[in-house]
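Just passing along the structure, written as structure tokens.
The values are calculated or read from the model by the stated rules, or taken from the named source; none is laboratory data. Nothing here was measured: the structure is a model prediction, and the numbers come from that model. Heads up, the Cβs are rebuilt from the backbone with ideal geometry, glycines too, and the neighbour counts pull from every protein chain shown.
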Amino acid sequence: MAAVYKFKPYNVGRWVIWSLFALLLLLAPRVFTSNLSVTMLAQMGIAIIACLSYNMLLGQGGMLSFGHAVYTGLGSYMAMHALNALSAGQLGIPVSLLPLVGGVAGMGFAVLLGWVTTRKSGTPFAMITMGVAELVFAMSLMFSEFFGGEAGVSGNRVAGQPFMGITFGPQVQIYYLIAAYTFVCVALMFAFTQTPLGRMLNAVRDNPERVEFIGYSTQRVRYLAFIIAGFFAGIAGGLGALNFEIVTAEVVGAGRSGAYLLFTFLGGATFFFGPILGAVLMVIAFVLLSELTKAWLLYLGLVFLFMVMYAPGGIASLIMMNLRVAKFGKLRQIWTSYLGLGVTALAIVAGAGAMIEMVYHLQLNSALGDVVRFMGVPLNAKGVDSWVGAGFVLLTGIGLFELARRQYVLEWGEIQADIEKEIKRRETAV
Amino acid sequence: MEFFIISMLNGMSYGLLLFMLSSGLTLIFSMMGVLNFAHASFYMIGAYIGYTLGGIVGFWPALLLAPLCVGGLGALFERLSLRKVHPFGHVPELLVTFGLSYVVLELVQLVWGRTAVEFTPPEVLRGAAFTLINHSQDGLRLIWGAAAPEMCTAADAALRVICSPFPATRAFMMLIALLMLVSLWLLLTRTRIGLVIQAALTHPEMAEALGHNVPRVFMLVFGAGTGLAGLAGVIGGSTFVTEPAMAATVGSVIFVVVVVGGMGSLSGAFLASVLIGVIQTFAVAIDYSFLTFARDMGWQLSAAMQDNSVVKLTVSQVAPILPYLFLVLILIFRPKGLLGTREG
């Protein structure tokens, strides 16, 4: 497919995509100018680097890590200590290079801890990373000089000499620093996938036995990839330290590691751009969804479960599959099914959501009265009618969804068969 | 002396509780290759269902019914979700159980609230199983049940009497775990169904060709494994606290147990659980740091050294990280685990 857009001597498609990405990073704070959105955009940049570095392990190396926050978190701590040293005049580097300090720290810890964790692959690897993560988190409560105990370590990013009037005081300035780092890191990580090491990493994921037979050490390949992932994770951590100006022990905690895993997977681990989508979703979920409903972790868990079961390639794979359909001009045949699926799924979400919200309301703030507002409709959490109504909507939704799904599966299968035939026909025509 | 015995028994009972959990985990892992990330969540569900059922039918029937419910839920999860993911490989299997752990945590908070519930053991188990009396003149004595208060107070000021009771819940926990260990071992090695399970483990195609429904065997094993976690939950929940955080506190430790013991080795899991239980219990009770050690040895430390937080750390402060430290050491010096057979 990529061959279509390949013009010599330049790969135009790639130039276009990367320029658009740079433009997006540049213009985003002009479009979304409010304080909240600039803060969110900055967090998205950080999350993009973190999720992509995580995907270097999960998607490209097949290494399921439960402890990625260790490297981002320790990077944050080192960058914060460096910032404080800088403020005290003991360190002669500009603030804009502090994320690199975090990166080097993340890499250092990856060299140290990765030596133990990458000795295994697959399930044992996952458990060991979790053990290491618990180890670091437990240590964070023990060594309060370095980790700052409960209060964490804080600093002030307006330090040192301003460079061309940039002090990094205003949020927009820090956003552009993050955007620059994001662009460079994304480009570097994409470049990594094209290197021989990146390719070997894919081979180690797919067929480790064969790689060993060719004469490579799978352990070594995993270790090197782990170190590089640790470096980028550390950069993300360092940027986080500059952005928030405070680092607490939770940045190395299991919750953070779990979030990286969850959203990288949701975005799509099989495609390079998947984790970027995941990172954007992560920030939206953490900032907006958690404001909207108290049950957001439940919804997140359920979405994740269904995603693993029915679309293990994440959102990115769904997009790519439909792009393929669109490319062959078949999207017109199936859009009615999508409409049906969408409407019935909405009914399920509305019914189930109303019930979940009512239960949460009864459980948490029944003191505030019995009325819950859900999607603009006032519901009486103790009334039979609202429960029956929600249940009715849910059951109808499930029934109709199943009908729509069957129709969709039929059509989808037909279209895929047609596309296969078309590809064969083109091959023979050449 | 009595401190040593009681701590040892406490450690053993904690270790045996860990074994109740890790045995189910190991069983599922060695059978299906699935690392059940939500195992500790089933432990938590067991505790909560035991609490609810205990309020309705009493503790003893709940002790039987709650594990059955949890096992049923586990089997249902295997049937509806895990089996769909099985063809994708081990990493998605692990991910699906990871997602389940989130959902279970939220659901538990939804149904039973975010604070701890009051789940107490029945009257019989509330007292002491036995009491050790250390009398400075008569020596060490053991009395079943709680000791009468007059036995623990010395009539004479020159005499020193220390009573150390051992809680009955702990003894009960040990009893159940040992019973479970024996019956599990008998079931796996001495019965027909155990042989079918072992066959399905090593040669799934052959077992299927001989007419055994291997997917159903897997479902039963998953149900049984989670049921064991539920049993541990009822006992653990009534002995310790039943709260939404209970899954997280025990979850990572049982993974350590499984790796340290050797992936898929039941005897290794037993050894590792008892070892970790005992180490952790003793470490919590020891208030000894490098500083006191240096003082005992008669070393002179500089003032800066004495103020160093690493030097001041006591063993009890280090206790939470010991299992993980143990894990790292095992991986460096014996990567296949204590009693593991496979490397990789």
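I'd like to know if the stretch B:120-127 contains one or more residues that are away from chain A (no Cβ under 14 Å) and either buried (at least 18 other Cβ atoms within 10 Å of the Cβ) or modelled with pLDDT of 85 or more (or both).
Checked against the condition, which is being away from chain A (no Cβ under 14 Å) and either buried (at least 18 other Cβ atoms within 10 Å of the Cβ) or modelled with pLDDT of 85 or more (or both), the stretch B:120-127 yields at least one hit.
Then there's this: Quick check on the stretch B:41-56. Is at least one of its residues more than 27 Å from B:L27 (Cβ to Cβ), modelled with pLDDT of 85 or more and more than 11 Å from chain A (Cβ to nearest Cβ)? Don't jump to the end; show me each part of the working.
Pass one, the stretch B:41-56, residues more than 27 Å from B:L27 (Cβ to Cβ): B:55-56.
Filter once more, so that each one left must be modelled with pLDDT of 85 or more: B:55-56.
Pick out the ones that are also more than 11 Å from chain A (Cβ to nearest Cβ) and you get B:55-56.
There is at least one residue in the stretch B:41-56 that is more than 27 Å from B:L27 (Cβ to Cβ), modelled with pLDDT of 85 or more and more than 11 Å from chain A (Cβ to nearest Cβ).
Also: Do we have any residue at all in the stretch B:267-290 that's among the charged types (D, E, K, R), surrounded by fewer than 20 Cβ atoms within 10 Å (Cβ to Cβ) and part of a loop (DSSP other than H, G, I, E, B)? Steps first, answer last, please.
Of the stretch B:267-290, the ones among the charged types (D, E, K, R) are B:287.
Next, only the ones that are surrounded by fewer than 20 Cβ atoms within 10 Å (Cβ to Cβ) stay: B:287.
After this cut, where a residue has to be part of a loop (DSSP other than H, G, I, E, B) as well, the list is B:287.
Yes; the residues of the stretch B:267-290 include at least one that is among the charged types (D, E, K, R), surrounded by fewer than 20 Cβ atoms within 10 Å (Cβ to Cβ) and part of a loop (DSSP other than H, G, I, E, B).
Separate question: From the set of residues in the stretch B:108-118 that are on the phi < 0 side of the Ramachandran plot and in contact with a helix residue (DSSP H, G or I) (Cβ under 7 Å, 6 or more places away or on another chain), which is nearest to the other protein chains (Cβ to nearest Cβ)?
So in the stretch B:108-118, the residues on the phi < 0 side of the Ramachandran plot come out as B:108-112, B:114-118.
From what's left, in contact with a helix residue (DSSP H, G or I) (Cβ under 7 Å, 6 or more places away or on another chain): B:108, B:110, B:112, B:117.
On the way: B:V108: 11, B:L110: 6, B:W112: 9, B:V117: 13 Å.
Residue satisfying both the conditions and the ranking: B:L110.
Right, next: Being touching a residue at least 24 places away in the same chain (Cβ under 8 Å) and closer than 27 Å to B:G89 by Cβ is the filter here; which residues of the stretch A:282-297 pass it?
The one that is touching a residue at least 24 places away in the same chain (Cβ under 8 Å) and closer than 27 Å to B:G89 by Cβ: A:M282.
If we scan the stretch B:265-275, do we find a residue that is at pLDDT below 80 and more than 10 Å from chain A (Cβ to nearest Cβ)?
Filtering the stretch B:265-275 for residues at pLDDT below 80 gives none.
No, there is no match, as no residue in the stretch B:265-275 is at pLDDT below 80 and more than 10 Å from chain A (Cβ to nearest Cβ).
Limited to the stretch B:204-220, what total is found for residues that are surrounded by fewer than 23 Cβ atoms within 10 Å (Cβ to Cβ) and either within 14 Å of B:S30 (Cβ to Cβ) or touching a strand residue (DSSP E or B) at 6+ places or on another chain (Cβ under 9 Å) (or both)?
So the answer is 2.
Please state which one of B:V310, B:V256, B:V260, B:V284 is modelled with pLDDT under 85 and at the interface with chain A (Cβ under 10 Å from one of its Cβ atoms).
Values: B:V256 fails: modelled with pLDDT under 85; B:V260 fails: modelled with pLDDT under 85; B:V284 fails: at the interface with chain A (Cβ under 10 Å from one of its Cβ atoms).
The match here is B:V310.
To continue, here is another question. Within the stretch A:274-330, track down each residue that is of a type in the set (V, I, T) and surrounded by fewer than 18 Cβ atoms within 10 Å (Cβ to Cβ). Lay out the reasoning, then the answer.
Quick first cut of the stretch A:274-330, residues of a type in the set (V, I, T) only: A:276, A:280, A:283-284, A:287, A:293, A:303, A:308, A:315, A:319, A:325.
Passing the criteria: A:I284, A:V287, A:T293, A:V303, A:I319.
Identify, from the list B:L140, B:L132, the residue that is surrounded by 16 or more Cβ atoms within 10 Å (Cβ to Cβ), over 20 Å from B:G227 (Cα atoms) and either touching a residue at least 24 places away in the same chain (Cβ under 8 Å) or within 14 Å of chain A (Cβ to nearest Cβ) (or both).
Working: B:L140 fails: surrounded by 16 or more Cβ atoms within 10 Å (Cβ to Cβ).
Unique residue meeting the criteria: B:L132.
Restricted to the stretch A:117-137, and to residues that are more than 8 Å from chain B (Cβ to nearest Cβ) and surrounded by fewer than 24 Cβ atoms within 10 Å (Cβ to Cβ), which residue is nearest to B:V256 (Cα to Cα)?
Going through the qualifying residues, I end up with A:F125.
Right, next: Restricting to the stretch A:390-430, name every residue that is surrounded by 14 or more Cβ atoms within 10 Å (Cβ to Cβ) and out of contact with any Ser or Thr (no Cβ under 9 Å at 6 or more places or on another chain). Steps first, please.
To start, the set of residues in the stretch A:390-430 that are surrounded by 14 or more Cβ atoms within 10 Å (Cβ to Cβ) comprises A:390-391, A:393-394, A:396-398, A:400-401, A:404-405, A:407-408, A:411-412, A:415-416, A:418-419.
Within the stretch A:390-430, A:A390, A:G391, A:V393, A:L394, A:I415, A:Q416, A:D418, A:I419 meet the criteria.
Yes/no per residue for (1) assigned to a loop (DSSP other than H, G, I, E, B); (2) crowded, with 24+ Cβ neighbours inside 10 Å:
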{"site": "A:S65", "(1), (2)": "yes, yes"}
{"site": "A:Y71", "(1), (2)": "no, yes"}
{"site": "A:S76", "(1), (2)": "no, yes"}
{"site": "A:L86", "(1), (2)": "no, no"}
{"site": "A:L91", "(1), (2)": "yes, no"}
{"site": "A:L98", "(1), (2)": "no, yes"}
{"site": "A:V101", "(1), (2)": "no, yes"}
{"site": "A:W115", "(1), (2)": "no, no"}
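Please work out if B:T97 is assigned to a loop (DSSP other than H, G, I, E, B) and among the β-branched types (V, I, T). Spell out the reasoning first.
Numbers: assigned to a loop (DSSP other than H, G, I, E, B): no; among the β-branched types (V, I, T): yes.
For B:T97, the condition - assigned to a loop (DSSP other than H, G, I, E, B) and among the β-branched types (V, I, T) - is not met.
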